[in-house]
1. Based on the Cα coordinates of chain A, what is the per residue volume of their convex hull in Å³?
2. Quick one: helix A:14-35 against the long Cα principal axis of chain A, what's the angle to the nearest 10°, folded into 0 to 90?
3. Peptides B:130-137, B:474-481, B:265-272: what's the order by average Cβ count within 10 Å, highest mean first?
4. How big is the Cα convex hull of region B:76-210 in projection, averaged over all directions, in nm²?
5. Just need the relative contact order of chain A here, percent rounded to a whole number, with Cα pairs under 8 Å and 6+ apart.
6. Under 5 Å between amide hydrogens, which residues at least 5 positions from A:Ile5 or on another chain qualify, with H placed 1.01 Å from N in the peptide plane?
7. Could you sort B:Met370, A:Met25 by their accessible area in this structure, using a 1.4 Å probe and putting the largest first?
8. For A:Trp27, B:Trp107, what's the largest-to-smallest order of accessible area, 1.4 Å probe?
Amino acid sequence: MPREIALFDALVPTLLFAFLFGAAMSWIIDVVFTRYGLYRDIWYRALFRLAVFICIFACCGLLVY
Amino acid sequence: MITSVHFKNFCVACKNTIFPASPTLVYIFKVLLASFMALGISLKFELEQPRTAMMTVAIVMHSRSGMVFTKSIYRLLGTLVGVAASFLLVAMFAQERVLFLLCMAIWIGICTAGSMIFRHHQSYGFVLAGYTICIVGLPATINPELTFNIGVTRVSEIMIGLLCAGLVSDLIFPQRIWTVVSASISKRFSDFSDLVIAMEPGRTRVASGSHRVKASPIIRFVTDIFELESLSASSSLENDDSRTYRLKLNHLNSAFMEVSTTFHSLQQLLRRHEDYSNPIVSECIGELYQHLKAALLFEGHVAQSSSQASVVAIQIRQYRESLPSLLKDSRAQLLRKLNAHAQADSDRLDFETGVELLQRFVDELYAYAMTYASLADANGQSGMAKNEPPHFKLDFDVLTAAFAGLRGILTLVILTAMWIFLDWRSGVEAITLGVITSTLFASSRSPSKTVRQFLIGALIGTFFLYLCNFYLLPNAKDFLMLMLVLAPAIAFAAWVTTRQAYATIGAGVFIIFLMHSGFNAALSAEPVIFINDAIADIMAITLAGVMYELIDLTNGRWSQQRLSKNLHKLIVFSCEGPLKLARVEMERRLRSLGYRFSGAWQGGTRGDGEMVDHLLSSIEIGHAVIALRELLAEIGSRSSLKAGDEIVKGVAQFYASPSHRRHDLVVASIAEGLADLDTDISKKELAQGIRLQFLTTLHLLRSVLLDEASVFSSFRPMNDLERTK
């Protein structure tokens, strides 16, 4: 995968898109968890959310590099 | 070995000891941590101005996580829009500085006006879009080829700041908005119960100690509704309980809106009864009211929690069910007592009007208590209306927004003129700060006071800055030392922002300190430049303050006139607008008017009292007119009440352009309507209930129009007073 993508002639790091994708995915997961009350079993919700986001972001980042 | 159990115990211990004892300490710690994270990351990425990231942290940090998220989003949006606008302007007018500044002024004017139209965080987004153009666009006029880099760097720095602030406030001792909201709604319920219990029908004047019924609790409730609304809007980004409760909260707010309005009408009506009608009427209504007071108590005191409120709700329902029989007794009693007097007819009408209002009040109180009680069970749907509650949209006054925009433009124009003609070295700083000051506080309740506080903060910040830039920073050798150098000022400013009354001072310290602190890519510690910049800052803030004083939109005669014009328009709307939406729409507009003007009501002068009276009497008239229109629509074409439409039209005309003559016309047509209802034809045609409703509505409308305390007392000839007596 290219490390930079030309967006209107400005080079944008692919990681930025990975970041946005990760944010979108973790938001969807978050909505699903809230909807079905799955957060009941999780001790520290904020930490869990962050961890999910980092997992997704890191996986995408590994795909890029 | 540290196991998860130990860790859990440790966390619980922290929560139990440190946390409740000093949330302020936790907050200061969070601000420090987030700013140093932002500083570290920016330095790591070798960004131009790490202080922008720190400033972002300082600005968005709030003790509640939801507020941080919401503010972050609007800060990001505002910055993006502002940066895009700067690119456009630089691309178009880089060589023409007059045109460039002209367009900039227009852009800032538009953004300031926008910040007046919207509120809270949205308003802040507009302010940012406005002043970002100074930060990005002005340096770009000097070297246009760097514009893109400056813009991208600024966005990156802000992103870093936002991420750090968001992470820290969500992960470390997060404080949910929901706790604040739930405390505030339970306090509101008990306060309102207190207010209802404190009212003594027949002695409203004695209780309030003045001629007028005290309006201040009602005003407090009105502003409360809006604050709660904005809090709950911010909580939408929080994840825990808040989101589940949002819908219920909206219901609660609209239920409370109704019940507080009706309570006020009831209060006013009872006061008028005392002034004008037979004391027996007040006595009878007072007896009915006493039972209601008993129903509101839970074991001798007002309900403090939603579970207690559910008991109260059941008591209110029982009262409501027993009301018809109570009413029968009361009516019989009234007739017995009235037989001794003449003029029984008008007194009976007074009584029926009061009872009608009391019944409405009890219904709405029950709905309110039920909604509140249903908060206790998280998933229960009991007591909730199925229909979508009204949303609290915003209305705005075009003229106010335009003047605010003009103020921003003028500040910019004066400062740029000074910059260009005096060849002022610190001009860019001064322009930026001046624009920030003159736009940021435009939507505050009393801007000149806020700017004064901001100025004090700026002075304190300059003092810190001097110490920091010339004594401490030159000795800071590594990151740890840098943190130590910056920590005292940041901690101080964070501490000040937690004190509600002085929050703006804290903001001033933050902004000035972080704007000029000397750790950029290259250290700058030149005393001359420093003093020039400090003078420029003070001048810019002072100028903005002077502009706020000159174009003062929150105080005095002008805002009173705007208010009364708006109220008149509103009543005309309630007469002529679409009937289906009229009630909800009118409530919404009234509340937002009340909120907007409530900033000016803290002085407690005579004019303030008039304004409050005017607002509340408009609520009554609007309600009465809408009730009348609903009744008219119900009976439809077989209307024997010819005067009905006349009355509605008359009220609309009177409020469109008030005059003695029109007032007399309205009152006359209401009298005609009342006479119409007394004829045999209408008695035959209309059902007993509807006829009674007509009578009481018309009576209420007339009594409000004739009311002595109403602002239109000047339109009322003296003999009316005699007639009502």
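1. Working: hull volume 5.2 nm³, N = 65.
Measuring per residue, one finds 81 Å³ for the Cα hull of chain A.
2. For helix A:14-35, the angle is close to 20 degrees.
3. On the way: B:130-137: 27.1, B:474-481: 11.0, B:265-272: 23.2.
Taking the mean over residues of other Cβ atoms within 10 Å, the ranking is B:130-137, B:265-272, B:474-481.
4. On the way: hull surface 53.9 nm².
Over all viewing directions, region B:76-210 projects a mean Cα-hull area of 13.5 nm².
5. Values: 43 pairs, mean separation 28.7, N = 65.
Computed value for chain A: 44 percent relative contact order.
6. A:Val12, A:Thr14
7. On the way: B:Met370 45, A:Met25 70 Å².
Per-residue accessible area, sorted high to low, gives A:Met25, B:Met370.
8. Values: A:Trp27 160, B:Trp107 65 Å².
Output order, biggest surface exposure first: A:Trp27, B:Trp107.
The values are calculated or read from the model by the stated rules, or taken from the named source; none is laboratory data. Worth saying up front: this structure is predicted, and the values here are computed from it rather than measured. Note that each Cβ is placed from the backbone with ideal geometry, even for glycine, and that neighbours are counted across all protein chains shown. To get the accessible areas, we keep the full protein, side chains included, count just its heavy atoms, and leave off ligands, DNA and RNA. Shrake-Rupley method; radii C 1.70, N 1.55, O 1.52, S 1.80 Å.
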